[in-house]
1. Going by the structure shown, is residue 186 loosely packed, with under 15 Cβ neighbours inside 10 Å and at pLDDT below 95?
2. Given the conditions (1) free of Cβ contacts under 8 Å to residues at least 12 places away in the same chain; (2) within 24 Å of residue 85 (Cα to Cα); (3) touching a helix residue (DSSP H, G or I) at 6+ places or on another chain (Cβ under 8 Å), and given that residue 200 satisfies all but one, which numbered condition is not satisfied?
3. Counting only residues that are more than 24 Å from residue 224 (Cα to Cα) and buried (at least 18 other Cβ atoms within 10 Å of the Cβ), which one in region 147-168 is farthest from the chain's Cα centre (by Cα)?
4. Across region 219-237, which residue is nearest to residue 100 (Cα to Cα) among those that are modelled with pLDDT of 90 or more and loosely packed, with under 14 Cβ neighbours inside 10 Å?
5. State the number of residues belonging to region 87-109 that are part of a loop (DSSP other than H, G, I, E, B) and either in contact with a helix residue (DSSP H, G or I) (Cβ under 6 Å, 6 or more places away or on another chain) or under 17 Å from residue 175 (Cα atoms) (or both).
6. Examine region 110-130 for a residue that is in a helix (DSSP H, G or I), on the phi < 0 side of the Ramachandran plot, touching a strand residue (DSSP E or B) at 6+ places or on another chain (Cβ under 8 Å) and surrounded by 13 or more Cβ atoms within 10 Å (Cβ to Cβ), and state whether such a residue exists.
7. Which one of these is out of contact with any helix residue (DSSP H, G or I) (no Cβ under 6 Å at 6 or more places or on another chain) and either modelled with pLDDT of 95 or more or surrounded by fewer than 19 Cβ atoms within 10 Å (Cβ to Cβ) (or both): 180, 213?
């Protein structure tokens, strides 16, 4: 099967004909003959893995149990203000700590932002790399990590301050912090060949369950992150 480009996947996610899925399957069951496309640069070298993240292209409504992303409510264009975040490799962590602080009515100066961002990275490192007992709590993140590289290599890289955070870390942090997180892309990037706009389209959602109250827990406001084609995250407010 010819692999679908990442730009095509983004476009399909935006218009609702692609869906994120998490599946368990065997390589010999004919599964990869279906209309699927990678959301990982390592997907083509997946080997014989039984659990995979992928985007389903052209799926019919009602047939997909999405673990994150494209529900009906997540296809619409939304409008927010972009709060720029420093692009030093910490941008995802910076945007997330700023978003959580903003939701609490707090402000962070640049030094506090950097320190808090690093603390989030260290928290992920501790959960994934230093604790066998805690690692199993983040199975989806482990799958996403090992699609890209070995766990050993990941744990060698994450201590570096210029480590780029992404889906794996969002999977961990949404659960660890009980924090709903929605990732958007610019409307202009999503609607290639169509009408360009100034809004934002949600493409992935983490920790949706924390939007509602739970036992000994109040509902949480989501943090909205903007992901651009330049591998950079900003905050939407």
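1. On the way: loosely packed, with under 15 Cβ neighbours inside 10 Å: no; at pLDDT below 95: yes.
In short, no.
2. Residue 200 satisfies all of (1) free of Cβ contacts under 8 Å to residues at least 12 places away in the same chain; (2) within 24 Å of residue 85 (Cα to Cα); (3) touching a helix residue (DSSP H, G or I) at 6+ places or on another chain (Cβ under 8 Å) except (1).
3. Restricting to residues being more than 24 Å from residue 224 (Cα to Cα) and buried (at least 18 other Cβ atoms within 10 Å of the Cβ), the top hit is 154.
4. Kept after step one, since they are modelled with pLDDT of 90 or more, are these residues of region 219-237: 219-227, 232-237.
The next check asks that each one be loosely packed, with under 14 Cβ neighbours inside 10 Å; those that pass are 219, 237.
Working: 219: 13, 237: 11 Å.
The extreme case among them is 237.
5. So the first thing to find is which residues in region 87-109 are part of a loop (DSSP other than H, G, I, E, B), and the list is 87-90, 104-109.
Narrowing further to those that are either in contact with a helix residue (DSSP H, G or I) (Cβ under 6 Å, 6 or more places away or on another chain) or under 17 Å from residue 175 (Cα atoms) (or both): 90, 108.
Looking only at that region, the number is 2.
6. Here is the first cut: in region 110-130, the residues in a helix (DSSP H, G or I) are 110-129.
Subsequent filtering for residues that are on the phi < 0 side of the Ramachandran plot retains 110-129.
Of the ones still in play, those that are also touching a strand residue (DSSP E or B) at 6+ places or on another chain (Cβ under 8 Å) are none.
Looking through region 110-130, none of the residues is in a helix (DSSP H, G or I), on the phi < 0 side of the Ramachandran plot, touching a strand residue (DSSP E or B) at 6+ places or on another chain (Cβ under 8 Å) and surrounded by 13 or more Cβ atoms within 10 Å (Cβ to Cβ).
7. Values: 180 fails: out of contact with any helix residue (DSSP H, G or I) (no Cβ under 6 Å at 6 or more places or on another chain).
The conditions single out 213.
The values are calculated or read from the model by the stated rules, or taken from the named source; none is laboratory data. All values derive from a computational prediction rather than experimental measurement. Cβ: placed from backbone, ideal geometry, glycine included. Neighbour counts: every protein chain shown.
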